[in-house]
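The structure under discussion appears below in the form of structure tokens.
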Amino acid sequence: MSEQKYAISQYPDVDAIYQQLDALVSQPLRPLKREAMQAVLEYYDSKCARSKQLTDEAKQIIPGGVQHNLAFNYPFPIAIEKAQDAHLWDVDGNRYIDFLQAGGPTMLGSNYAPLREKVFELLRSCGPVTGLFHEFELKLARLIQSYMPSIEMFRMLGSGTEGVMAAIRAARTFTKKKYVIKVGGAYHGWSDGMIYGLHVPGTGRLEAKGIPHGGTSATQEFFPNSLSALRRHLILNRVRGGTAAVILEPVGPESGTRPVPYDFNRKVRELCDEFGALLIFDEVVTGFRLGMRGAQGYFGVKPDLTVFGKCITGGYPMAGGVGGRADVVSCFAAGIGGTGERAYIGGTLSANPLSCVAGYYALKEMERTNAPLIAGKAGDRLTAGLQNIITRLGLPFVAYNQGSIVHLETSGVMLLDLHNPIRTLKELKPRKHMIEEMGAAYMANGLITLAGSRMYTSLADTDAVIDEALNRFETVLSCIEGVK
Ligand SMILES: Cc1ncc(COP(=O)(O)O)c(C=O)c1O
């Protein structure tokens with residue numbers, strides 16, 4: 001596979017991005033003009049009545065009314081009825097360009113017909129689940145290994161969260177060491193040990209409600225990109241139980257919201273080797289989105305363990321897995337062929353035939369259609385267009401991308417951290433509210449984003465789709481305070 005099979009056409013100038021982001025965060029907020037925001041709220045009142053009725057009713061029985069963290073939208077969630085390729089339609093018949101992509105898995109576009117047919121075939125012959133072995137478990141594992149040579153053995157699981165839990169358990173079993181170090185702010189699913197330093201670097205247990213101290217006491221965070229802080233943890237851990245693993249997203253936490261310098265992953269690999277810790281790549285987002293060889297292929301760094309999710313089943317349930325070194329991963333199997341010392345993992349629906357068939361054909365289709373590259377080109381086009389609008393309108397906003405992962409920072413909320421705790425605590429709420437408003441305004445203009453600041457592009461995003469999206473973004477961004 002040649003270099004140009006990766007979605008990133010040119011690695012972003014990370015220093016320049018941080019300069020722009022720092023400038024954004026040091027300025028007063030530039031929200032939508034109040035009359036524009038009023039028009040957005042009127043859209044919801046007049047055009048989304050059925051969504052409101054349904055989600056209001058749901059609040060009586062479902063905490064918060066909706067169940068997916070990405071569905072908690074301002075001013076209220078919308079209910080989706082139909083999904084096809086680049087578009088979603090809500091229950092009131094409004095059409096949207098879908099840059100949420102269910103949080104990342106539908107890189108082939110929504111409800112991709114060739115994949116759906118393979119799933120139907122399986123359902124007709126076998127149904128979704130038997131609890132016994134199915135040939136496609138083997139086919140999927142082999143396929144993943146063919147793309148990523150670091151995957152000597154693979155275990156399918158139910159979600160990215162489960163994949164992370166399993167990877168950490170394997171790392172501790174294998175190394176017999178205690179600590180797991182993550183990057184501050186990173187999201188690695190919602191297991192007890194990973195609800196630590198969540199979203200805002202330096203916040204430790206702030207979000208760890210309902211989790212006993214013991215649940216996070218062997219987790220540590222280091223400030224994004226600070227190799228010296230990571231080294232400090234590794235040195236200190238030597239005398240207090242050792243470091244089992246360092247876990248990171250290779251493009252930087254939260255899909256690269258805080259991007260990493262190109263050589264960051266290689267330097268972390270070196271540190272792990274120096275201190276005898278395992279390196280876990282969380283490729284839940286980047287796995288197959290950056291290219292069939294994943295971020296590890298792009299950066300040329302071999303992790304000990306890799307966690308998968310999202311694209312691994314092309315949007316079908318249940319998307320998760322962990323793979324890597326045979327001597328580490330084989331701790332999941334007891335008895336004959338296993339290590340004798342078993343790290344316990346399970347799951348009634350793990351590795352069910354439906355997930356494995358969906359995963360196998362999704363990956364085959366991504367490879368056949370060159371989806372990572374095409375989605376990456378759509379991401380480039382979207383980003384270039386956004387940068388052009390931002391410059392023309394004289395806005396302090398920042399747009400950049402890593403292939404099909406596109407960031408549009410307007411409030412800079414994701415860049416706050418506890419280096420300056422007083423300011424952060426003061427600014428967190430208003431900056432967060434601004435991106436809620438931006439997300440609402442994009443939605444009212446036919447664009448669905450992830451939390452008003454991130455977008456995933458897909459195979460279905462033709463030039464025409466992206467150009468239509470850019471027109472819609474321009475309509476919204478023209479209504480920012482201070483734009484003439
Ligand atoms: C980087 C990363 N790791 C892990 C997870 C958790 O995966 P899941 O939602 O499948 O449990 C996510 C989910 O968004 C993620 O983005």
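The values are calculated or read from the model by the stated rules, or taken from the named source; none is laboratory data. Here the structure is a predicted model, which means the values were calculated and not measured. As a convention, Cβ positions derive from the backbone with ideal geometry for all residues, glycine included, and neighbour counts pool all protein chains shown. Accessible surface is based on the protein model in full, side chains and every heavy atom, while ligands, DNA and RNA are left aside. Shrake-Rupley method; radii C 1.70, N 1.55, O 1.52, S 1.80 Å.
Rundown of residues vs (1) open to solvent by 10 Å² or more (accessible area, probe 1.4 Å); (2) within 20 Å of residue 24 (Cα to Cα); (3) in contact (Cβ under 8 Å) with a residue 60 or more places away in the chain; (4) not assigned by TED's automatic domain parsing to the domain that holds residue 98, yes/no style:
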| position | (1), (2), (3), (4) |
| --- | --- |
| 412 | no, yes, yes, no |
| 419 | yes, yes, yes, no |
| 424 | no, yes, yes, no |
| 430 | yes, yes, yes, no |
| 438 | no, yes, yes, no |
| 456 | no, no, yes, no |
| 459 | yes, no, yes, no |
Given the conditions (1) open to solvent by 60 Å² or more (accessible area, probe 1.4 Å); (2) within 17 Å of the chain's Cα centre (by Cα), every one holds for residue 197 apart from (1)
The residue from 100, 115, 108, 143 that alone is touching a helix residue (DSSP H, G or I) at 6+ places or on another chain (Cβ under 7 Å) and more than 25 Å from residue 402 (Cα to Cα) is 115
Would the range 213-224 turn up any residue that is more than 16 Å from the ligand (Cβ to nearest atom), open to solvent by 30 Å² or more (accessible area, probe 1.4 Å), of a type in the set (Val, Ile, Thr) and in the same structural domain as residue 249 (by TED's automatic domain parsing)?
no
Counting only residues in the range 116-155 that are of a type outside the set (A, V, I, L, M, F, W, C) and assigned to a loop (DSSP other than H, G, I, E, B), the one most open to solvent (accessible area, probe 1.4 Å) is identified as 149
Within the range 208-264, residues acidic (Asp, Glu) and assigned to a loop (DSSP other than H, G, I, E, B) come out as 249, 263
Restricted to the range 467-484 and to residues being out of contact with any Asp or Glu (no Cβ under 9 Å at 6 or more places or on another chain) and in a loop (DSSP other than H, G, I, E, B), the residue least open to solvent (accessible area, probe 1.4 Å) is 483
Of 21, 29, 70, the only residue that is in contact with a Gly (Cβ under 9 Å, 6 or more places away or on another chain), in contact (Cβ under 8 Å) with a residue 40 or more places away in the chain and more than 16 Å from residue 438 (Cα to Cα) is 21
By my count, helices (runs of 4 or more DSSP H) wholly in the range 315-429 with at least 1 residues that are over 30 Å from residue 173 (Cα atoms) are 353-369, 371-393
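Residues are listed down the side, and each one gets a yes or a no for (1) modelled with pLDDT of 95 or more; (2) more than 11 Å from the ligand (Cβ to nearest atom); (3) open to solvent by 50 Å² or more (accessible area, probe 1.4 Å); (4) closer than 26 Å to residue 419 by Cβ:
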position	(1), (2), (3), (4)
157	yes, no, no, no
174	yes, yes, yes, no
191	yes, no, no, no
203	no, yes, no, yes
